[in-house]
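Okay, so here's the structure we're looking at.
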Amino acid sequence: MILLRVSLIFLVLFLLPDWYIYKTYLTSLHHRRWKRAYWLPTVLLLLILVIFLIGHDTLHEYFGTYLIVALCVTIPKTVFMLTSILLKLFRRLVKRPVPHGWIALAPALLTFGYVLFGAIKGKENFQVKEVTFYSPDLPDAFDGYRILQLSDIHSGSWKGNGKALQEAINLCNRQNADLAVFTGDLVNSRADELLEFMPVFSQLKARDGVYSVLGNHDYGSYVKWKNEQARLANVDSLIARENRMGWCMLQNDHRIIYKGTDSIAIAGVENSGKPPFPDRGDLPKALQGTDGMFKVLLSHDPTHWRRKVLPDTSVQLTLSGHTHDMQISLFGFSVSKFIYPEHRGLYLEGDRGLYVNIGLGYVLFPMRLGAWPEITVLTLKKGNNKSIQ
């Protein structure tokens, strides 16, 4: 399903800019060979896309490289098309000739360099984001309490690049957080992806511990298993390894954090998403015994917040991941906003909040552009709800 959606997006990105460029700049050419040659790269990339769709099970590990090449072609062409259209409109307004073709080439080339940076360095451009969440329900002793949030590491995508993840964990530890949490998708599918990085992740430290929940990828639903027992064994292995790393797994469960006579509850649910994603979250079980307490809920999928958390609980702050902000955000815009109402950052409903971390890792295509890998530090403050992002 994800591959099909990406393919449809690329179909539009391929054909629309090419059609515009051909009609605007190439129809006047007298040489038919040049006209035909212009379409060859697009036709070739579309044929390769069809091959990937047919043989996805055996070729999926190469699909990321294909996407990078496709993005390096399609996004600059799209920028060229949009710039050209704007310049043509400007020419009509000022009623003077504007060489829109050559001028539009400059932002297209800059975009090409930007996309290339996203593929080469963007996925390691770790950003620490400081956020403050206010709540009148926060116990006095926890005023100023700092929670470090990581999400969506996708270990399998980092194979052979433990150095980058070591830098990320070092950056996390330098934040000196009171608590560290991970909100799901530690692997792409298989628990064995984690083996290479367990020594690195074991170094993540916070004064009150590290807590983790499962995401949709952690259930191993995106690869073929011999049987259901093999898939379940894979999930059990992942949970056991996270616990060995010192990450306390919360599976529809909670823990109490104490500071003097005050306390807050850290609850975690299994993934609760809308189809086709699994819905295994059990909020009543996770929150049993926390009535009247200030609660922080770890729930991988942000759609859980409006579906069940807001209407069915009194949870003050929910921490999620999952969206990646589609790993591409240009000038603050990402198509993820059309898929997820809450896709990045802090969202408020009265004195209750949801924070969506856009993830540290990447999946499907090996790049991040604008939607840089995120390490979040949330500071809890007593008072009326405000946001500092």
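Some values worked out for this structure:
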{"read-out": "Filtered residues of segment 361-381 (kept if hydroxyl-bearing (S, T, Y), within 21 Å of D218 (Cβ to Cβ) and not in a loop (DSSP other than H, G, I, E, B))", "value": "T376"}
{"read-out": "Index of the failed condition, F52 passing every other in (1) at pLDDT 85 or above; (2) open to solvent by less than 60 Å² (accessible area, probe 1.4 Å)", "value": "(1)"}
{"read-out": "Residues satisfying the stated conditions in segment 55-78, i.e. modelled with pLDDT of 85 or more, in contact with a helix residue (DSSP H, G or I) (Cβ under 7 Å, 6 or more places away or on another chain) and open to solvent by 30 Å² or more (accessible area, probe 1.4 Å)", "value": "V73, K77"}
{"read-out": "Count of residues meeting criterion [in contact (Cβ under 8 Å) with a residue 60 or more places away in the chain and either open to solvent by 70 Å² or more (accessible area, probe 1.4 Å) or aromatic (F, W, Y) (or both)] in segment 245-279", "value": "6"}
{"read-out": "Failed item, numbered, when L71 is tested on (1) closer than 20 Å to Y38 by Cα; (2) without any contact (Cβ under 8 Å) to a residue 60 or more places away in the chain", "value": "(2)"}
{"read-out": "Selected residue (criterion: nearest to the chain's Cα centre (by Cα)) from residues of segment 79-98 that are of a type outside the set (G, A, S) and surrounded by 19 or more Cβ atoms within 10 Å (Cβ to Cβ)", "value": "V79"}
{"read-out": "Candidate set: segment 196-231, residues that are in contact (Cβ under 8 Å) with a residue 40 or more places away in the chain and of a type in the set (A, V, I, L, M); chosen: the one surrounded by the fewest Cβ atoms within 10 Å (Cβ to Cβ)", "value": "M198"}
{"read-out": "Test: residue in segment 303-326 that is under 14 Å from the mean Cα position of the chain (by Cα), in a loop (DSSP other than H, G, I, E, B), over 21 Å from M249 (Cα atoms) and modelled with pLDDT under 95", "value": "no"}
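Listed here are the residues, each with its yes/no results for (1) free of Cβ contacts under 8 Å to residues at least 60 places away in the same chain; (2) more than 21 Å from T65 (Cα to Cα); (3) hydrophobic (A, V, I, L, M, F, W, C).
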{"position": "V94", "(1), (2), (3)": "yes, yes, yes"}
{"position": "W102", "(1), (2), (3)": "yes, yes, yes"}
{"position": "L105", "(1), (2), (3)": "yes, yes, yes"}
{"position": "G113", "(1), (2), (3)": "yes, no, no"}
{"position": "G144", "(1), (2), (3)": "no, yes, no"}
{"position": "H154", "(1), (2), (3)": "no, no, no"}
{"position": "Q166", "(1), (2), (3)": "yes, yes, no"}
{"position": "R174", "(1), (2), (3)": "yes, yes, no"}
{"position": "L179", "(1), (2), (3)": "no, yes, yes"}
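Condition check ((1) part of a helix (DSSP H, G or I); (2) open to solvent by less than 60 Å² (accessible area, probe 1.4 Å); (3) at pLDDT 95 or above) across all residues:
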site	(1), (2), (3)
L109	yes, no, no
F117	yes, no, no
Y134	no, yes, yes
A141	yes, yes, yes
D152	no, yes, yes
A168	yes, yes, yes
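Condition check ((1) touching a Gly at 6+ places or on another chain (Cβ under 7 Å); (2) within 30 Å of I21 (Cα to Cα)) across all residues:
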site	(1), (2)
T111	no, yes
A119	no, yes
Y134	yes, no
G162	no, no
E167	no, no
R174	no, no
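The rows are residues; the columns are (1) in a loop (DSSP other than H, G, I, E, B); (2) β-branched (V, I, T); (3) at pLDDT below 95.
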residue: V223; (1), (2), (3): yes, yes, yes
residue: H254; (1), (2), (3): no, no, no
residue: Y258; (1), (2), (3): no, no, no
residue: P275; (1), (2), (3): yes, no, yes
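The values are calculated or read from the model by the stated rules, or taken from the named source; none is laboratory data. Bear in mind that the values here come from a model prediction, so they are computed numbers and not experimental data. Ideal geometry is used to build each Cβ from the backbone, glycine not excepted, and the neighbour counts take in all protein chains shown. SASA here: full protein model, heavy atoms, side chains in, ligands and nucleic acids out. Shrake-Rupley method; radii C 1.70, N 1.55, O 1.52, S 1.80 Å.
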